[in-house]
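The values are calculated or read from the model by the stated rules, or taken from the named source; none is laboratory data. Small disclaimer: the values here were computed from a predicted structure and weren't measured. Here the Cβ positions follow ideal geometry from the backbone for every residue, glycine too, while neighbour counts run over all protein chains shown.
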Amino acid sequence: MKELFLLDPDVVFLNHGSFGACPRPVFETYQRWQRDLEREPVDFIARRLPGLLEEARIALGDFVGADADDLTFVQNAGTGVNIAARAIGLDAGDEVLATDLEYGACNFAWEHVCARADARYVRAPLDELFDHVTERTRVLFVSHITSETGLLLPVERLVARGRELGLVTVVDGAHAPAHAPLDVRALGADFYAGNCHKWLCAPKGAGFLYVNPDLQERVDGAIVSWGYADGGGTFISRTEEQGTRDSAAYLSVPAAIDFVREHDDPARCIELAREARRELCALTAQEPIAPESMVLRMASFRVPDAEEVQRQLWAQHRIEIPAMRPDLLRISVAMYTEREDVDRLLSALARQLDAEHAEQHQ
Ligand SMILES: Cc1ncc(COP(=O)(O)O)c(C=O)c1O
């Protein structure tokens, strides 16, 4: 499986979560689209592209459980969350309620949009989230799988409760497609932003935003362009026609879906991630941060001085693993991750912890 990916074989790559990794055949498809574009740019962009994008949206909609007309390609999940936040039309005094586990860049987006509207962005622990609903709460924002802590949140329950309370529900699904079971239609959120370049292994710059049909009229593209012709255009035209750009990453999504369908083994990845977490917690003598049921293919675990440990794992062992907080490392188990990669982390980490221990006792 490793040979199907373009990753450097000299690196123990345990950070699929940050930016994903694209397999060779999908990357070749991506480059084929780029060559097609350069061969006849006018024919490609003016005549073929709308139909090609529609075909790609149909394949993606089939994969994530949404009608192709209710989702639009965006460069990344962060763009999707921004578009959603701006579409809601917050009023002064409104509140946006989120967990305290949300992704940093999305927190900035909400804080920015709230500040402009004189609204408030309220963050609360998951187990007391709905205690923070007030009569001013308009929006619920939750991750499907969290970034720093790598946890699967009970997003179905959270969205259902949000809807009962009459809130606009926005889900950050940056990590979810091809990672967790996903049926956007059944989930029933108003906005669902996802990435295809993480676990679906599409080339970088392939994300999507689903929008409930009732709210699509309010949604703007990142820029106003030709998609606003004909009396303001449609949700798809406004978000899809964004001037001259390279859409090859979007067009490669069907190839990524085919690749994942053919090669992915979710049960193996989840089992290995959970096993790794148990062994890493035992090695570091730290308690797990959450129940095992919340762990799928990413596991964050406590390590004192994680940032220094991360630097040493890279410098001395060429192990790529992110420090998500000063006390947390996060391992990702992707299609190409093997038991041996986990063993290399365990032995390098054991040596690193021993060295730190010896230093402290000198
Ligand atoms: C939970 C979460 N949301 C949003 C993002 C943003 O993704 P992107 O940089 O592709 O916009 C990430 C990226 O890691 C993430 O983990």
Check your understanding: Can you spot a residue in the stretch 154-172 that is of a type in the set (Val, Ile, Thr), buried (at least 22 other Cβ atoms within 10 Å of the Cβ) and over 27 Å from GLY17 (Cβ atoms)?
Key -> yes
Point to revise | One residue from GLY188, GLY207, GLY194 being in contact with a Lys or Arg (Cβ under 7 Å, 6 or more places away or on another chain) and of a type outside the set (Lys, Arg) | key: GLY188
Review point. Quick one: TRP110 ticks every box in (1) more than 15 Å from the ligand (Cβ to nearest atom); (2) aromatic (Phe, Trp, Tyr); (3) buried (at least 22 other Cβ atoms within 10 Å of the Cβ) bar one, so which box is it?
Key: (1)
Check your understanding: Looking at this structure, is GLU128 without any contact (Cβ under 8 Å) to a residue 24 or more places away in the chain and either within 12 Å of the ligand (Cβ to nearest atom) or outside any helix (DSSP H, G or I) (or both)?
Key -> no
Point to revise | Yes/no for VAL171 being away from the ligand (no atom under 16 Å from the Cβ) and either in the same structural domain as TYR250 (by TED's automatic domain parsing) or not in a helix (DSSP H, G or I) (or both) | key: no
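Can you tell me which of THR149, THR99 is farther than 27 Å from ASP264 by Cα and within 15 Å of the ligand (Cβ to nearest atom)? Step through it out loud before you land on a result.
Details: THR149 fails: farther than 27 Å from ASP264 by Cα.
Sole residue among the options that is farther than 27 Å from ASP264 by Cα and within 15 Å of the ligand (Cβ to nearest atom): THR99.
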Review point. Does GLU28 qualify as being assigned to a helix (DSSP H, G or I) and closer than 27 Å to HIS144 by Cα?
Key: no
Review point. In the stretch 145-171, how many residues are within 24 Å of MET298 (Cα to Cα) and either free of Cβ contacts under 8 Å to residues at least 40 places away in the same chain or in contact with a Pro (Cβ under 7 Å, 6 or more places away or on another chain) (or both)?
Key: 7
Point to revise | Test set (1) more than 29 Å from ARG277 (Cβ to Cβ); (2) assigned to a loop (DSSP other than H, G, I, E, B); (3) not polar (S, T, N, Q) - GLU102 fails condition number | key: (1)
Review point. Would the stretch 189-206 turn up any residue that is closer than 24 Å to LEU97 by Cβ, away from the ligand (no atom under 12 Å from the Cβ) and surrounded by fewer than 24 Cβ atoms within 10 Å (Cβ to Cβ)?
Key: yes
Review point. Would you pick out the residues in the stretch 81-93 that are surrounded by fewer than 19 Cβ atoms within 10 Å (Cβ to Cβ) and at negative phi?
Key: ARG86, ASP91, ALA92
Check your understanding: What's the number of the condition ARG57 fails, among (1) within 16 Å of the ligand (Cβ to nearest atom); (2) surrounded by 21 or more Cβ atoms within 10 Å (Cβ to Cβ); (3) assigned to a helix (DSSP H, G or I)?
Key -> (1)
Point to revise | Test: GLU156 is charged (D, E, K, R) and assigned to a loop (DSSP other than H, G, I, E, B) | key: no
Practice item. Show the residue pairs that are 6+ apart or on different chains and have beta-carbon atoms under 6 Å apart, the first residue being within the stretch 228-240 and among the aliphatic types (A, V, I, L, M), the second being modelled with pLDDT of 95 or more. Key: ILE236/THR72
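May I ask you to verify whether LEU90 is in a loop (DSSP other than H, G, I, E, B), of a type in the set (A, V, I, L, M) and more than 21 Å from SER252 (Cβ to Cβ)? Can you show your working first?
Details: in a loop (DSSP other than H, G, I, E, B): yes; of a type in the set (A, V, I, L, M): yes; more than 21 Å from SER252 (Cβ to Cβ): yes.
It is true that LEU90 is in a loop (DSSP other than H, G, I, E, B), of a type in the set (A, V, I, L, M) and more than 21 Å from SER252 (Cβ to Cβ).
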Point to revise | Sole exception among (1) touching a residue at least 40 places away in the same chain (Cβ under 8 Å); (2) hydrophobic (A, V, I, L, M, F, W, C); (3) in a helix (DSSP H, G or I); (4) within 21 Å of ILE257 (Cβ to Cβ) for PHE73, by number | key: (3)
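Here is a list: GLY20, GLY78. Which entry is within 16 Å of the ligand (Cβ to nearest atom), crowded, with 21+ Cβ neighbours inside 10 Å and closer than 23 Å to TYR210 by Cβ?
The conditions single out GLY20.
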